[in-house]
Structure formats: structure tokens, C-alpha cells
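Reading through the C-alpha cells given below for one structure.
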Amino acid sequence: HEISILQAWELGPLQPKKYHQQAAVSASDIINLEWENPSGVFISNYIDRVNLIKNKAVTLIGDNKIYLWQNDKLFEIDRTDKTPKSVKIVATTAVSAELTDFLTSITSGREPRCNGNFALQILQTIEKINFH
């Protein structure tokens, strides 16, 4: 799911830099993954499915700003004052937005945003992780 979110942000091709998974109940209950992309944005992705307090986080570090997406909350951090500012997220779920886009694409005759090519790019990114 996190890979599809990163892909939707159109950050360019993602290349895994560091990958660590820890087994608890299944083979990959705790995952820590760092990415790099052609424009030099640093991306860190952390998922812990074992902890009773659910923690999913994605950090994007650019030249001027840092974005932190943690447990469905988005923050923007300015590098100069280092103060996190909450970014308002639309109340719709990702699934409802994807379904709306799909239905709109049918009625308007355009290609849906999450099409077969989008899915193929996610699969290719996952395969890079598996070979890393």
C-alpha cells in the first residue's frame, strides 16, 4: 500500500537503498525500507504490524522541506524553523478516491489513474526490493 502511495506522488522511479524485515508472526511483520530516486529525495518507510500501537510512517526529505506521513496524518516540516505543521488531508479514503476516479474515467472516456501500467510499476518496484 505504501509503495502505491509513493508511486501516486510521482517521485520518479524508486530504487531501494536499504531494506530490513523482521519476522514475528509472518515473514515480514516489521519492515524498514529506505528509497532513493533520481531527483535526490530521501524516502524512509517504516511499518510495524506487531506492535499493539499501530505505526506506519513515510518520511520524504527534499532540499527545502520534509514531509512526514504517519498513521494517516501528514506533516510538513520547514528545514529552517524545524516546526511541524499539519497538512489537511481530504476526509475520503484512498479506496473511495480510487473508485471515484475509476468511475469518472469510464464516464469521461479517459484512462484511470490507477491503471495496469500503474500496477506494473508497483510490481517492478516490489521486485527490486526482493532482489536487493
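Looking only at residues that are more than 17 Å from K56 (Cβ to Cβ) and in a strand (DSSP E or B) in the range 1-34, which one is modelled with the lowest pLDDT? Ranking the candidates gives Q15 first. Among the residues of the range 41-60, those that are surrounded by fewer than 16 Cβ atoms within 10 Å (Cβ to Cβ) and either farther than 13 Å from E2 by Cα or out of contact with any strand residue (DSSP E or B) (no Cβ under 7 Å at 6 or more places or on another chain) (or both) comprise F42, R49, V50, N51, L52, I53, K54.
Would it be correct to say that S96 is more than 19 Å from the chain's Cα centre (by Cα) and small (G, A, S)? When the stated conditions are applied, S96 does not pass them. One residue is enough: does the range 95-118 have a residue meeting the conditions touching a residue at least 24 places away in the same chain (Cβ under 8 Å), hydrophobic (A, V, I, L, M, F, W, C), within 13 Å of E2 (Cα to Cα) and open to solvent by less than 80 Å² (accessible area, probe 1.4 Å)? So far as the range 95-118 goes, no, none of its residues is touching a residue at least 24 places away in the same chain (Cβ under 8 Å), hydrophobic (A, V, I, L, M, F, W, C), within 13 Å of E2 (Cα to Cα) and open to solvent by less than 80 Å² (accessible area, probe 1.4 Å).
Quickly run through the range 20-40 and pick out the residues that are open to solvent by less than 30 Å² (accessible area, probe 1.4 Å) and over 20 Å from N71 (Cβ atoms).
N37, the sole residue that qualifies.
Among what's in the range 48-86 and is assigned to a loop (DSSP other than H, G, I, E, B) and aliphatic (A, V, I, L, M), pick the residue that is nearest to S26 (Cα to Cα).
The extreme case among them is V50.
For the residues I129, I89, the requirement of being part of a helix (DSSP H, G or I), open to solvent by less than 100 Å² (accessible area, probe 1.4 Å) and modelled with pLDDT under 85 singles out I129.
The values are calculated or read from the model by the stated rules, or taken from the named source; none is laboratory data. Here the structure is a predicted model, which means the values were calculated and not measured. For neighbour counting, all protein chains shown are included, and Cβ atoms are generated from backbone atoms with ideal geometry for every residue, glycine included. Remember, those area values only see protein heavy atoms, side chains included, never the ligands or the DNA or RNA. Shrake-Rupley method; radii C 1.70, N 1.55, O 1.52, S 1.80 Å.
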